[in-house]
Every structure is written in C-alpha cells, then in structure tokens.
Amino acid sequence: MKVLNKKNLVILLAVLVVYGGVQAAIAARLIPPFYSVNLMLICVYVILATSLNLINGVTGQFSIGHAGFMAIGAYLSAIVSVKLHGPLGAAILAGGIVSAAVGFLVGLPTLRLKGDYLAITTLGVGQIVQVVFFNTNYVGGAAGFTVPRTVNWTWAFWLTVISVVIIHNFTNSTHGRACISVRENEIAAEAMGINSTKYKVMAFTLGSFLGGLAGGLYANYMYLIQPTTFSFLTSFNILVMVVLGGLGSMTGSIVGAVVMTVLSAYLSQFPEWRMVLTALLLIVVMLFRPSGLLGTKEFNLGFLGKKGESRAA
Amino acid sequence: MKKIFAFLTVGILCLSLAGGCGTTGAAAGNGGGGTIKVGGDLELTGGQAMFGQEAQNGIKMAFDQINAKGGVLGGKKLALDVADNKSDPGEATTAATKLVGDNVVAVIGPMTSSLVAAATPVVTDSKVPLITPSGTNAKLTMAAGGKVQPYIFRPCFIDPFQGQVGAKFALGTLHAKTAAVIVDQKSDYAKGLADTFISNFTAGGGKIVDQEKYASGDKDFTSILTRIKGTNPDLIWLPGYYNDDGLIVKQARDLGMKMPFAGGDGWDDPSLFTIGTPAALNDTYYVDHVANDSPDMVQFVKDYKEKYGHEPNAMSALSYDAANMIINAIQTANSGDPAKITAELDKLTGFKGVTGEITIDPNTHNPQKKAVIKENKNGKGIYLTSVSPS
Amino acid sequence: MGHVLREGLQQVVNGLSMGSVYALIALGYTMVYGIVKLINFAHGDVMMIGAYVGWLATSRLHMSFVPALLLAMASCALLGVIIERIAYKPLRNATRVAALITAIGVSLFLEYGNMLVASAQVRSYPPVLPSVSYKVGGVYLQYGAIVIFATTIILMILLTLTVRYTKIGKAMRAASFDKDAALMMGVNVNSTISATFAIGSALAAAAGVLYGAYYNTIDPLMGIIPGLKAFIAAVLGGIGIIPGAVVGGLVLGLTESAVSALGASTWRDAVAFLILILVLILKPSGLFGKNVREKV
C-alpha cells in the first residue's frame, strides 16, 4: 500500500482545509473567544479520548483514572515551562514522558488484574495522583499553578493530528493486532504465543504518554491548573466520550469527544441538567447500544477508493 | 450498516459544527434592545455550589428590584446571564469566555479566589469589568509588578486583614498565649488566613503550638483533634468554611476540648448551628463582613427571607452589593459601555452597600471597610466589636 | 507516659468509630457483590438517598428516629429493585465492565438528580442521636459511635444468618454459584436478585441515616468518598464475605486514624487507595478469601 494513495491524500487535504480554515478565521477574528476555547478543548479531549480508547477499546483493559495521567502531564509541562523556563515543545514532551513512565510503573503490576478490579485500581491511582499534587507546595498545592498561555491553535491542532496518527498506526501495526487479540481472548492470545502482559503494558504506557501530552496542552492554554481539575469527573467525561463513540473505534472516540465537548458547552447554561443528562446518556447507550455509535468499526473513506483495497483498514 | 453509521457520524459532526456557527451569529446580534446583560460566572455546581447559589439569589434580587422600579438608562431591564463554572478553575475561564462572547457589560463572580484568578485574563483581554463578591485573596486585584489589575474589583476586605484582625483579637480580647491552627488543605483561602494569623500572632508574642491539616469534605476530624488536645492550646484558629467548622467544633467538644475557637468569614452561615450544636459553638468567634442585625442589613434580610425562604449569608449580601455597584456605575456613567462602567467602578466613593460603605482604592481596587467580630452565643452569631483597617 | 498512652488509646477509639461507619456501608456492598458479582458503584449514592429520606422524615414529617430509619430502608429497597430492573438486569449477560460503566452512570445520575431536586445545599440532621460522650479512663467514647458499632455487628450477624440459613439466602447462594443450574432447580433467579438488591439497598439506607445522624451533615455528593472507602473495606476483607467487610472496615478506620495520628492527615485518602491497590495486586481475594484459579 502506497503512503500517498488516494485515500490518504483526501484525508491530508481535509486536515489541511480544517486547519487553514480555522487558522484564517482566528486571524480574521471571526471566532468569538468562547468558541476558540471550545475548539482547544475539543483538541485536548480528542487526544484524551483516543488514547483512552487505545487502553479501553483496542486492548480491552479498563481504566477510569485517565485524568490522573492528564494531571501528571499538565503539572510536569507546567514545571518545565514556568519553573525551568523551557520551550513549549520540550515542556509538553516532558509531561508526556513522565506520564508514560508513571503509566509503565503503575501498569506493570496492576494490568494483571481483570475488568472491574483493574477499573477500581486505576480509579485509585487517579485519586492518589490528585492527593500528591494537593500536598505538593512546589506546584501551588490546592491554590493551583498559574501558567501563561502559550498554546495556540497551530500547536493544539497539529499535536492532535500527530497523536491520532500515532494511535492509528499503532493499532494497525503488529503490536496493535496483538493488543486486539488480547482484547478478544486473552487466553487464546497467550496460547498463540502473544505475551499479553507486554502488550497490555505497552498500550497502557502509550495511552498514558498521549494523555500526558493532552494535559500539557491543557495546562499551557488554560492559565491555571489545580488538582481538582483532574478529578474523577474528568476521567468519567473521557470515558463517556469513548463509550459513546464505541469502545475500540478511534474515529468513534473522536466523534464522542467532539459531541460531548459541544454538548457540554451548550448545556453550561443549564448546569443542573448537564450531569444528569450525561449520566442518562451513558446508561441509555449501555442499555440499547452497548457498542456505542460506531462499535469497533472505523469511519473511513473506503467508499472513495476501489472496493477491497481500503476495506482492510 | 457500516455506511449508515458513517453517515450518522458525518451528520452529527455537521450538526455540531453548524450549531456552533449558528449561535455565533446569534450571540453577536444580542446585547442591544431592551435589556442590559450582566454576566454571572458562578459556582452553581461542584464543591462550592452553595456560594454560587446564594450569590445568584442576591444578584437576582438586586436586578429584580431595579427592574421593578423601571430599570436603568430610561427603561432598559437588567438581565443576569449565568454561566456555571462548576467550582473548577478551568471551567471558570470557559464560563468567563462564554459571558464575554455574549457581550455582557460586566461580570459578577466567581466567588472563590482561585477561580477569580482563572477568569481574570479573559475579562482583562476583553476589557470587561469583573466584581468578585467574596474573593478575598490579596493577590487577585494586583497584577505583576505591583500594578493594579484594571478590570478586577471587589466589595469585600482581603485575607491578610482577616488574619490580622483575628490575631489582634486573640491576643488582646481573648488573652491567648498559645494557639493551634487547623487548615483546610484544599482551600487557598484557609491557607491565606492561617498564614497571616500565624505571622501576626507570633509577632504579637503568641506561640503556635500545633498546625494540623484536613481536606474539606472530610467528616471525621477526631484524629487531628486528639493530636491538638495533647498540646493544650489557649485557642484554636480555624479559618475554614462553616460545614467543616461546625463539625470540627462539635467533635472537639465531644472529645472534651473546651478552649475557644476563632476563624474568618467562612463561618458565616445560619446552618453552622445545625451542623454543630449551639452549645458546642459557644465560646467561638469569627471575623465577618457584616452582622445580619446591623441597621443597614435589616431591609435586605427581610426581603431576602421573603423571596427565598431562608436567611441570607455574607455571600448573598456581598453579591447583592456587587450587583448594586454595577447598577450604580451604569447609572452614573449613563451608559452600558464596559469601559465607562470600569471607569466608574474605579472611582467609586462612599457607596452605601448593605455590607457597609464601600470606597474603592484606585491603587489596589480593594475597598476600605471595617470588619466585625461576632461571638456565637446559644445558636446566634452576635455582634461583638468592629475593627477598622489600621 | 500515661499521657501518650491515653492519646494513643483515643486514636484507637477514633479509628474504630470511623471504621465501623465504613463497615456498615461495606456490608451491603459486599453482599451484592457476593451474590451478583457486580460492583454496585451506586451503593454510596443509594446510601445518600437513604440519608435524604431519613432527613425528610425526621425534619419535615417530624417522625421519630426508628420509624424514619424504617421508612428510609423501605424506600431504598424499592429504589434498589428499580435500579436493578432498569439498569443492571438487561446487562446481566454482558461483560462485567459494561455493568460497571452503567453502575457509574447510575451513581452520577443519583448524585446530580438529587442535586436538581434537593439543591446542593448542605442539610443538617435534627438531633436524633443524643450528642453525648462518655469518659472512660480519660478516653472519650461517643454515643453515636457506640450505636453505629453495635448496629454494624448486629446487622452483620443477621445478614450472615440470613444468607446461610433462610430459604431466600440459600436461593441467593445458589443463584450466585450457577444461575442456570439454580433456575433448573426451581429457584426464581430474577426475584432472588431483586431481593439481594432490596436487602443491600436497605442496608445502605440504614447506613445513610446513621451516617447523617452521626456526622450531622448530608449533601448530594456525600456518598462518593464513603462509598469508595466501603469498597476498599470490602476488598480488604475479601469481597463477598460478610464478616470480612466488617473487619476490613475496622482495619481501614484504624489505619486512617494512625496516618492522621502521625501527622499526615492529608495523605489519608491516598493511603486508603494505596491499600486497595496493594491488596488487589498481592492478595485479590482479601484477608479472608480463598484464591480462585481462573478457569479456561
């Protein structure tokens, strides 16, 4: 398969059009601030949702503490950019790397656990991360950490694109296939010679890395980060995006992230209803369409190309 | 099937984008007509939801009253455009951005200091004034380099003042020589009050014998109280919020600890006595903005109880004053232009609020106000003395 | 020296009081898990609803303590059955993770639904439990703590006897062991599971009312942390094992008290979660459980 086939060219073109369009609109001051904040949030949540999907959907593990890794990325990048005066790129990368390291250390022992036990463990990890930042005066404790806004649309957009491409390529690589086999039947996968722990930890570490990147983006855009920002509710929100879009579908996670962020923005006028509706939405999806909007399928541009060729994707 | 879902997805994407564009236009068209919109960046849900809801009540009452009198600028009604900041700093930024996009002439809230800090860059970029009714952290109105934040105002005194008043009162009136401090680890406010209390108390010759921490929302404080009991201080300085304060004092009394407690304006709420018991809360004191039984407050308390069925607290009163400061500024400027409202707020002098006379210092944007000290006696916070800024 | 000893003893008493609250909540949690194999994430929130019903009954309907407690238990039993029928039953054959996601959804729905109905305001209980404390050898014992401790032990015994010796208890164990076989042996699995949820939720409600009366404050989000702590207690004791939940709760309470006594009160929650993680990694069957080998 050529890299520059018709399908990839169409996607590249679409990405460039979206980027250029929004960039032009920002330059022309056509986008009111409220919408630009939400555009940024969409980028952050797309990274978070697709990376959580890698863990929960593709590999079939179950994390409900993703906000913890976002927090690690956010705080570490803030330390690099504010305390060490590092450049933005280095700050975000440092956040991602530390987050990945923590993800690796946490994942190694805990990923042996199954389903709901693993879920509760990750919830615990998320809570512990929050407590650690609460008790660390170096990063402001409860008062929070003030970070100047250095992230702009270009950063957010391209980092999102890069993250999505990394996840897409990982999923479609040998490693990704191994992860899927672990999801489908761990015992069978083991019998086929796949080291399931290795792939679970690999997916978890990569997911944590990308979650950390998203945290770094968030911290360097939102002016102020506090431990409470990365509470269980944030983890839950990311989970809803993934479940809504369909566990296992990357494009589903993207759709879920966009829909939930937009929905949340609209419902901010009816705060009492926002959480009730989100909770109901989650229950209804689980009851009537547990596979989410897209299931494990991907929305792709296969119908543009020749039949058979791109269906494999 | 695959295609159907593919189209469904595209449909949702288009809808959400189209929806976005649609309201962009609508928002731009708003703001004129018969109403003037004031934004409320308030804690309606989340940990500090009580503050936001009390504030919303206070602001709405002020607006209803002026609207009943025919509104401002020759018949324009004031409307409160509320955005929930979910008690979260990130959301406070988002909420402020939304309000500014709605073309509000001023923003009231957030109520808590860290959220105000998060909303400040947004309103400053858009040159819209923001009044925080109860953000008492000293740094809020000051920008880097000691300059005043041009768009941030408040009707309340600041944390260092509360800590200073508390220490003076503990040393002078209560004759305390030793004190223990209990701080809510999750609250910037509590930490600020604790720090200034400690520095003023030790400067005045007192000794801090123990410092304990908790996280707001904890229900069981017996372990830290047992530790303090071992050090037997003359006074416990507890600068937290009333839900925690009531429980802490009650549990301390149940452990046989009889020393006085003192704290800041976070104590001020009628439910303090139902959370703790009136007997347990005897011999406790707090610094406050206003006493509900002061003459300025009588009418407000009466109206508020009539409208909402419960007694107001300092949050509702300060928010009511914040709303009236904006009304006053609109009327004096005779304009709904944010820049002119800011200019009026900047030179506000002798404004008669229900929480006292407010004069904004143009160099710090802090009001010169007295603080009162109240003593809790048999289920009521009774005015004890007032302390002027020194 | 006597002074230090007294302080230490007081911390033990503090820990046991706190622990018996966790234990009380953990009873219902562990029972539901033992029978249905579902982490009922909403358990803490059912407790919260129970606390609100008890509050309504005592402060608005002016009922006395015991009738209010019974009313709360009855309403929550009904609520538990409704939740099971609507949200969990359709997923009985789905993955455990699917059920967990739904349970999280139910949990948030109860929290924020109640916030919509009753507002976020903190409510305080009327003084239904006398605020008395007894001084025994320099150590203070609270009346409320004694009531909670006694209730926990009594309920633990009743629950163990019910599950072991009554007809419904036998049906529960049968359904837990093998649903299909139980069905063939004439056990009505649906009503047995409903009964499990009814009992579990009634226990949660009892915990909620006592919690509200003891700590005096209730709010819509009050169930989250105690719910998680109760879960930790249940896991620590071996999830599904009723006396294990009580021991787990007391151990957790004592540990938290020890952490605070050493001056690290703000790390209390982190330590609790660390215990959870360590137990799950090192001995997932808990203190009292037997290790079960995974079947292919």
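The values are calculated or read from the model by the stated rules, or taken from the named source; none is laboratory data. None of these values were measured; they are calculated from a predicted model. Every residue, glycine as well, gets a Cβ built from its backbone with ideal geometry; the counts of neighbours run over all protein chains shown. To get the accessible areas, we keep the full protein, side chains included, count just its heavy atoms, and leave off ligands, DNA and RNA. Shrake-Rupley method; radii C 1.70, N 1.55, O 1.52, S 1.80 Å.
Report the Cα centroid-to-centroid distance between the stretch B:359-390 and the stretch A:235-290 in angstrom, as an integer. Between the Cα centre of the stretch B:359-390 and that of the stretch A:235-290, the gap is 47 Å.
Take each residue of peptide B:51-59, count the partner chain Cβ atoms within 10 Å of its Cβ, and average: the result is 1. Each of C:GLY44, C:GLY249, C:ALA74 was placed along the dipole of the stretch C:2-282 (beta-carbon charges, centred on the mean Cα), and the one lying farthest toward the positive end is C:ALA74.
For the pairing of chain A with chain B, what total accessible surface becomes buried, with a 1.4 angstrom probe, in square angstrom to the nearest 100?
Details: alone 15250 and 16500 Å², together 28440 Å².
Result for this pair: about 3300 Å² buried.
For the stretch A:206-241, a drop of 40 Å² or more in accessible area on going from the chain alone to the assembled protein chains (1.4 Å probe) is found at A:MET222, A:TYR223, A:LEU224, A:GLN226, A:PHE232. With both bridge residues required to lie in the protein assembly as shown, what share of the DSSP beta bridges run antiparallel, to the nearest 5%? If I count the DSSP bridges inside the protein assembly as shown, around 45 percent turn out antiparallel. Candidates C:LEU236, C:TYR140, B:TYR286 compared by Cα position along the dipole of the protein assembly as shown: farthest toward the positive end lies C:LEU236, with charges placed on Cβ. Comparing mean-square fluctuations of A:VAL17, A:VAL164, A:VAL259 from a GNM of chain A with C-alpha springs under 10 Å, the top value falls on A:VAL17. In this rough spin-label picture, where each label sits 7 Å from Cα along the Cβ direction, the B:ASP293-A:THR174 distance is 8.3 nm.
Given a 1.4 Å probe and every protein chain left where it sits, what share in percent of the accessible area of the protein assembly as shown is carbon and sulfur? Mind dumping the intermediate values first?
Numbers: 24220 of 37400 Å².
With neighbouring chains kept in place, the figure for the protein assembly as shown is 65 percent.
May I ask for the angle, rounded to the nearest 10°, between helix C:2-36 and the longest principal axis of chain C, with both axes built from Cα atoms and the value confined to 0 to 90°? Roughly 10 degrees, rounded to the nearest 10.
Evaluate the charge dipole of the stretch B:119-233 about its Cα centre and quote only its size in Debye, nearest 20, assuming +1 on the Cβ of each Lys and Arg and -1 on the Cβ of each Asp and Glu.
Working: 13 positive and 9 negative charges, 42 e Å.
For this selection, approximately 200 debye.
Solvent exposure of the stretch A:35-232 amounts to 31 Å² per residue of accessible area, where only protein heavy atoms count and the probe is 1.4 Å. Placing dummy labels 7 Å off each Cα toward the beta-carbon, the span from C:ILE82 to B:LYS127 is 5.5 nm.
Computing FRET efficiency as 1/(1 + (r/R0)^6) for C:LEU5 and A:LEU84, where r is the C-beta to C-beta distance and R0 is 35 Å, gives about 0.10. Neighbouring Cβ atoms from other chains, within 10 Å of the Cβ of residues in C:219-226, number 3 on average. Relative contact order of the stretch B:273-390: 34 percent, from C-alpha pairs under 8 Å at least 6 residues apart in sequence.
Between 0 and 90 degrees, the angle of helix C:189-215 with respect to the longest Cα principal axis of chain C falls at about 10 degrees.
Want the number for C:ILE154 to C:VAL12: 0.36 nm per residue separation, take away the alpha-carbon distance, what's left?
Values: separation 142, 0.36 × 142 = 51.12 nm, distance 2.15 nm.
Gain on stretching C:ILE154 to C:VAL12: 49.0 nm.
Only helices enter the 222 nm calculation for the protein assembly as shown: every DSSP H run of n ≥ 4 contributes -39,500 (n - 2.57), and dividing by all residues gives -19500 deg cm²/dmol, rounded to 500. Under the shape rule built on the C-alpha gyration tensor, where the axes satisfy a ≥ b ≥ c, the protein assembly as shown is oblate, since a/c reaches at least 1.5 while a/b does not exceed b/c.
What angle do you read, to the nearest 10 degrees and between 0 and 90, between the alpha-carbon axis of helix B:222-231 and the longest principal axis of chain B? Around 40 degrees separate the two axes.
Annotation for the A:C interface, with buried accessible surface near 3400 Å², both sides summed [1.4 Å probe; non-protein components not counted]. Partner shielding of C:273-284 amounts to 5, given as the average count of beta-carbon atoms from other chains within 10 Å of each residue beta-carbon.
Simple point charges give the picture: +1 on the Cβ of Lys and Arg, -1 on the Cβ of Asp and Glu, and for chain B a dipole about the Cα centre of about 260 debye. In this structure, B:LYS377 and B:GLN65 have a Cβ-Cβ separation that, at R0 = 35 Å, corresponds to a calculated FRET efficiency of about 0.60.
Extending 7 Å from the Cα toward the beta-carbon at both A:LYS114 and B:LEU384 defines two label points whose distance is 6.2 nm. Stretching C:MET184 away from C:LYS283 to a fully extended chain increases their span by 32.2 nm, per 0.36 nm per residue minus the current alpha-carbon distance.
Distance from the C-alpha centroid of the stretch A:1-50 to that of the stretch C:85-129: 38 Å, rounded to the whole angstrom. Comparing C:LEU56, A:GLY215, B:GLY145 along the charge dipole axis of the protein assembly as shown, the residue lying farthest to the positive side is A:GLY215, per the Cβ-charge model. For the stretch B:232-380, the Cβ-based charge dipole about the Cα centre amounts to some 220 debye (Lys, Arg positive; Asp, Glu negative; other atoms uncharged).
Over the stretch C:2-282, calculate the relative contact order: mean separation of alpha carbon pairs under 8 Å at least 6 apart, over the residue count, as a percent. Normalised by residue count, the contact order of the stretch C:2-282 is 39 percent.
For chain A, hydrophobic long helices are taken as DSSP H runs at least 24 Å long by C-alpha position along their axis with mean Kyte-Doolittle hydropathy of -0.5 or more; these are A:6-27, A:33-53, A:88-110, A:115-134, A:153-171, A:196-219, A:250-267, A:271-288. Exposure check, 1.4 Å probe, all protein chains in place: A:VAL276 carries approximately 10 Å² of accessible surface.
Between C:SER133, C:SER201, C:SER257, which gets the highest mean-square fluctuation from a Gaussian network model of chain C, Cα cutoff 10 Å? Evaluated over chain C, the most mobile residue of the options is C:SER133.
When only Cα pairs below 8 angstrom with a gap of at least 6 residues are kept, the stretch C:77-146 shows a relative contact order of 16 percent. Length, then width, then depth: along the principal axes, the Cα atoms of chain B run 69, 62, 47 Å.
A:TRP158 sits with roughly 80 Å² accessible to a 1.4 Å probe, with DNA, RNA and ligands left out of the calculation.
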